[in-house]
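Shown next, in structure tokens, is the structure this report addresses.
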Amino acid sequence: MSSVLFDTPGPRAKRRNVLYTIAFVAVLGLVAYWVLSALAAKNQLDADKWSPFVTDAEVWTTYLLPGLTETLKAAALSILIALPLGAALGIGRLSDHRWVRVPVGAIVEFFRAIPVLLLMIFASQLYAKFTTVSSDFRPLYAVVTGLVLYNASVIAEVVRAGVLSLPRGQSDAAVALGMRKGQSMLYVLLPQAVTVMLPALVSQLVVIVKDTALGGAVLGFGELLSQNRQITANYGANTIATLTVIALIYIVLNALLTSFAGWLEKRLRQGRKTPVAQVPAQGGAPELSSQAVSEV
């Protein structure tokens with residue numbers, strides 16, 4: 001059975017695919033063997049470099065868990081601010097009023113074009129020169145500010161693209177019901193666009209979690225990755241082991257975020273399929289409810 005993207009492979013193509021898979025696995029195994037051999041030759045696989053993460057709880061309580069807490073704190077604050085701000089900017093870019101659409105578009109394009117690390121550095125300098133924020137909290141403020149400005153601009157484009165991807169009939173049906181544009185955006189277009197936007201939004205949230213590491217590299221923010229320096233300074237030259245453990249923590253954290261987003265998307269799609277009771281209008285014609293508009 002064929003699909004839009006490819007034709008179903010026949011017997012010969014299936015055999016070739018099996019051979020390609022075997023060859024790829026073999027090459028991957030050789031690369032893994034070469035990497036492990038190189039690490040073993042440099043004594044990076046010795047037990048004393050990995051055992052602190054299993055036998056010494058202070059590695060976790062003193063370094064990894066506090067670093068993870070700071071990462072989650074910065075990411076959570078950035079997400080909580082960037083999501084509504086990005087949604088507002090995205091809606092502003094769709095405004096019929098030029099005096100709203102043009103300034104909002106300029107703001108989005110400006111902050112989307114600047115590297116997030118540069119935004120963090122600028123924010124840190126501004127907080128140092130023009131505010132009374134303590135130096136202990138300044139890195140967190142700078143990291144959150146940079147992440148919010150950049151990611152809100154990206155989310156604004158995601159929201160705009162998600163709304164524009166909906167069929168024209170959705171907004172027409174809302175207008176036919178007498179809704180103003182703000183009402184149709186809030187009650188009809190945005191609820192449907194969320195399911196369309198969700199994969200891109202999740203990808204951006206994962207980026208936010210990972211980009212907190214930029215603050216640790218430049219601003220001295222005590223996030224998860226920055227704990228590598230303290231661990232290697234106190235437990236010997238186990239940089240490879242430390243970075244591997246930190247990478248695994250990031251993988252688990254982002255996998256949980258992606259799994260939650262997948263569950264949420266499934267619930268949203270199931271909610272849209274819920275039947276809605278229709279109340280007949282005068283004259284026997286069915287009346288279209290606002291929820292029914294979202295399923296047109």
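Step through the table entries K42/K73; K49/K266; K73/K266; K73/K129; K73/K181, compare each Cα-Cα distance with 32 Å, and write down the pairs that go over it. Beyond 32 Å: K42/K73; K49/K266; K73/K181. Sorted fewest first by neighbouring Cβ atoms within 10 angstrom, M197, M179 come out as M179, M197. Pairs of alpha-carbon atoms within less than 8 angstrom and 6+ residues apart define the contacts here; what relative contact order does the stretch 1-133 have, in percent? Answer for the stretch 1-133 is 6 percent. Extents of the stretch 200-255, largest first, come to 41, 24, 11 Å (Cα atoms, principal axes, whole angstrom). Of the peptides 18-28, 159-169, 249-259, the ranking by mean beta-carbon count within 10 Å, highest at the top, reads 159-169, 249-259, 18-28. When K14, K49, K210 are arranged by Cβ crowding within 10 Å, least crowded first, meaning fewest neighbours, the order is K14, K210, K49.
Only counting other Cβ atoms within 10 Å, I'd like F137, F122 sorted with the fewest neighbours first.
Final ranking by Cβ density, sparse to dense: F137, F122.
Under the shape rule built on the C-alpha gyration tensor, where the axes satisfy a ≥ b ≥ c, the chain is oblate, since a/c reaches at least 1.5 while a/b does not exceed b/c. Tell me, what is the percent relative contact order of the chain, built from C-alpha pairs under 8 Å that lie six or more residues apart? Computed value for the chain: 22 percent relative contact order. Pull out a ≥ b ≥ c, the square roots of the eigenvalues of the alpha-carbon gyration tensor of the stretch 40-145, then state rounded if a/c is under 1.5, prolate if not and a/b is larger than b/c, and oblate in the remaining case. Note, shape of the stretch 40-145 comes out prolate.
If N is the number of residues in the stretch 1-79, what value comes out of its Cα radius of gyration divided by 2.2 N^0.38 Å?
Numbers: Rg = 22.9 Å, N = 79, 2.2 N^0.38 = 11.6 Å.
For the stretch 1-79, the normalised Cα radius of gyration is 1.98.
What are the equivalent ellipsoid semi-axes of the stretch 87-170, built from the alpha-carbon gyration tensor (square roots of five times its eigenvalues), in whole angstrom, biggest first? Mind showing how you got there, number by number?
Details: eigenvalues 201, 31, 19 Å².
Largest first, the stretch 87-170 gives 32, 12, 10 Å.
What percent does the relative contact order of the stretch 88-158 come to when contacts are Cα pairs within less than 8 Å and at least six residues apart? Please list the in-between numbers first.
On the way: 66 pairs, mean separation 29.9, N = 71.
With pairs under 8 Å counted, the relative contact order is 42 percent.
Test of understanding: given the chain, find the longest segment containing no GluC sites (Glu not before Pro) that are in a DSSP loop and have at most 15 other Cβ atoms within 10 Å. It would help to have the intermediate numbers written out before the result.
Details: sites that count: E287, E295.
Longest stretch, sites excluded: 1-286.
Where a number appears in this text, it was derived from the coordinates with a stated rule and is not lab data. Not measured: the values here are computed from a predicted model. Note: ideal-geometry Cβ built from the backbone for every residue, glycine included; neighbour counts use all protein chains shown.
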